[in-house]
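Trainee: Have a look at this one before I ask anything.
The values are calculated or read from the model by the stated rules, or taken from the named source; none is laboratory data. Keep in mind that this is a model prediction, so the values were computed, not measured. Glycine also receives a Cβ, built like all others from the backbone with ideal geometry; neighbour counts cover every protein chain displayed. When the accessible area is computed, the model is the full protein with side chains, heavy atoms only, and any ligands, DNA or RNA have been set aside. Shrake-Rupley method; radii C 1.70, N 1.55, O 1.52, S 1.80 Å.
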Amino acid sequence: MFKFDPETAHNIAEFFISKGATLPFVQDLLVRNFVYSDSILSQQLWGVHFPNPVGIGAGFDKNATMIEGLSALGFGYLELGTVTPRAQIGNPKPRLFRFPKKSTIQNAMGFNNDGSKVVSRRVDDQYPYAIPIGINIGKNKTTPEESAIEDYKMLAQTFKDLCDYITINISSPNTPGLRDLQNEAFISSLIGELKKITPKPILLKIAPDMSLDDALGLCDIAVSSGFDGIIATNTTVDYSLLDEAKNFGGLSGEVLREKSFTLFCGIAKEFHKKTKLISVGGICCGDEAYERILNGASLVQIYTQFIFKGPSLIREVNETIARRLREDGFGNISEAIGSKL
Ligand SMILES: Cc1cc2nc3c(=O)[nH]c(=O)nc-3n(C[C@H](O)[C@H](O)[C@H](O)COP(=O)(O)O)c2cc1C
């Protein structure tokens, strides 16, 4: 797969994961090889049952074409999207770059997706599903900031009965002006409007490129105005982390790991028990995921290392978390979350 250009490789993977996994014998084979079931990993969050804490990060299945395949590869929940109200093609290519020696990806995709109408129809065919489904939503590039709230309202309306949680994405670096929405006025009026539309949990996904003080301020407003959880973090625009970095798009994977985890820990110290926290950014193995859980993550997500290491990673992560929980004397994952804080 690494011989192909990164976006072609992604499209080939999507083809096999979406088509292959619908064949019963293939699905059977995948489940037997990759799904690790263990009650020590299962928990209820927002009244929803999560069989294991490892989710696919948003952006991998933007169009909801791989629901069956990804669940057969062992994920405990799926975050689909980012979906925008109307279909859009995203930024000009090339916009996806791999740095295998650094286990890092740089992307400037720009929310290329089939749009809410098509994606919601696909999700509707499957939902409710065997594992929880989150829908990550974002505004269209052409929607001005003043009317961004209308995009999020429309998306919440469309997906409110088709998911277990909704993630508000105002942290992608690839839609001009999007990160400017990470401000008090927008966040509090947005959640007020969305809560009128749906009782489903609504999570805020934040960028790693802010000071801890700013992140704490943002989370404080989000939690006090009604958000049900924080996902930290999206990709970084700190290009100093990688010598070969382009000067556009966001970096993910190994070079993001420390930055993302440090910000996550700072947030968790303040917000563990006040809200639910999801850690994402540079998770490469079970030990790393377990560390996030001990530091306050109820769930984790993986994207980049899934590309580099393949589906065996998800099984390894789940097996390792289960083993470490037992070694540390925990009866269930819920007892371990935040125990190191
Ligand atoms: C190619 C690519 C596309 C992404 N698209 C999205 C997206 O549409 N929405 C979003 O919230 N995050 C998106 N992300 C960010 C990931 O969900 C995740 O937050 C980030 O990559 C850090 O995790 P990782 O180091 O495990 O990859 C994308 C990441 C990559 C690499």
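Trainee: Residues of region 62-87 being in a strand (DSSP E or B) and under 13 Å from residue 115 (Cα atoms), which ones?
Mentor: 80, 81, 82, 83
Trainee: Just the residues that are touching a strand residue (DSSP E or B) at 6+ places or on another chain (Cβ under 6 Å), away from the ligand (no atom under 13 Å from the Cβ) and among the polar types (S, T, N, Q), please, taken from region 101-139.
Mentor: Answer for region 101-139, where residues must be touching a strand residue (DSSP E or B) at 6+ places or on another chain (Cβ under 6 Å), away from the ligand (no atom under 13 Å from the Cβ) and among the polar types (S, T, N, Q): just 116.
Trainee: Go through region 167-218 and give me each residue that's of a type in the set (S, T, N, Q) and either open to solvent by 10 Å² or more (accessible area, probe 1.4 Å) or touching a Leu at 6+ places or on another chain (Cβ under 7 Å) (or both).
Mentor: Passing the criteria: 167, 172, 174, 182, 183, 188, 189, 211.
Trainee: Within region 244-334, considering only helices (runs of 4 or more DSSP H) that don't extend past its boundaries, which have at least 3 residues that are surrounded by 17 or more Cβ atoms within 10 Å (Cβ to Cβ) and free of Cβ contacts under 8 Å to residues at least 60 places away in the same chain?
Mentor: Those helices (runs of 4 or more DSSP H) span 254-271, 286-294, 312-327.
Trainee: What pairs come out if I take residues in region 133-154 that are in contact (Cβ under 8 Å) with a residue 60 or more places away in the chain and pair them with residues that are surrounded by 18 or more Cβ atoms within 10 Å (Cβ to Cβ) and in a helix (DSSP H, G or I) whose C-beta lies under 8 Å away, six or more apart or interchain?
Mentor: 133/67; 133/123; 154/116
Trainee: Kindly evaluate residue 209 against the criterion of being out of contact with any Cys (no Cβ under 7 Å at 6 or more places or on another chain), among the acidic types (Asp, Glu), within 16 Å of the ligand (Cβ to nearest atom) and not in a helix (DSSP H, G or I).
Mentor: Values: out of contact with any Cys (no Cβ under 7 Å at 6 or more places or on another chain): yes; among the acidic types (Asp, Glu): yes; within 16 Å of the ligand (Cβ to nearest atom): yes; not in a helix (DSSP H, G or I): yes.
Criteria met by residue 209.
Trainee: Follow-up question, since we're still on this one. Please count how many residues of region 24-36 are exposed (fewer than 13 other Cβ atoms within 10 Å of the Cβ) and either among the charged types (D, E, K, R) or at pLDDT 90 or above (or both).
Mentor: So the answer is 3.
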